[in-house]
Amino acid sequence: MVEDQKIIKETDPKFIEEIIEYGSKFFGKEEMERLKACIQCGTCVGGCPSGRRAAWRVKSIFRKAQLGLKDDALNDDELWDCTTCFTCQERCPRKVSTTDTVRVVRNIAFREGIAQPRHLAVCSYLFKFGHAVPINDETKATRKKIGLKELPATVHMFPEGLDEVNKIVEETGFKKIVEETQKAQEAKKNE
């Protein structure tokens, strides 16, 4: 029945090229071009440690990219379920750079203001504490118990580094994207 299936109304055939072009800045064009070689065999899904506990389906994101379903790919919640362990990438028979491609698609989504509230919260922690996960008393005690210093040699130990972290996120435009995305999501809630 048609009512159970989404009817594709709009495609962007240049989406796969956008992924390749953007990813080539970091991983090389030849590596990113391999996305076109994905044959939907499912090796990535079958070997995915997250797939056992979550509905993670990397191949569906890749198929959407191949078909030009940009909106669907960027807004797919499963895009954010990958833990970037590289298991799928190491096993892919077509040598598709799956993990790297997931990271590229995430960056494109984030650049376009598509992010889940939990990710925006992590970004806020980064701006406030210099870490995605702020340290707490329990973590300090555990570190001390196992013979480590209470604070890792990061911004937690060197709070003056927080200014450097914030300078980086401001100069790269990352903080602006986060703030604009937060505002847009807040406005959407209030509609």
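Net charge near residue 167: determine it from the other residues with C-beta under 13 Å of the C-beta of residue 167, scoring Lys and Arg +1 and Asp and Glu -1.
-4
Ratio of alpha-carbon Rg to the 2.2 N^0.38 Å globular estimate for the chain, to two decimals, please.
1.20
Helix 98-111 versus the longest principal axis of the chain: what angle, 0 to 90°, nearest 10, using Cα atoms?
Once rounded, one gets 80 degrees.
Rounded to two decimals, what is Rg over Rh for the stretch 8-111 when you use alpha-carbon atoms and the Kirkwood radius?
That ratio is 0.93, to two decimals.
If you build a Gaussian network model of the chain, linking Cα atoms that sit under 10 Å apart, which residue out of 146, 114, 61 swings the most?
Greatest mean-square fluctuation among the candidates belongs to 146.
Summing -39500 (n - 2.57) over the DSSP H runs of n ≥ 4 in the chain and dividing by its residue number, what mean residue ellipticity at 222 nm do you reach, to the nearest 500 deg cm²/dmol?
The per-residue figure over the chain is -16000 deg cm²/dmol.
Below 8 Å, C-alpha to C-alpha, sequence gap of six or more: please give me the relative contact order for the chain in percent.
About 18 percent, as a whole number.
Laboratory data are not the source of any read-out in this text; all were calculated from the coordinates shown. Here the structure is a predicted model, which is why all the values come from computation and not from measurement. We place every Cβ from the backbone using ideal geometry, glycine too, and count neighbours over all the protein chains shown.
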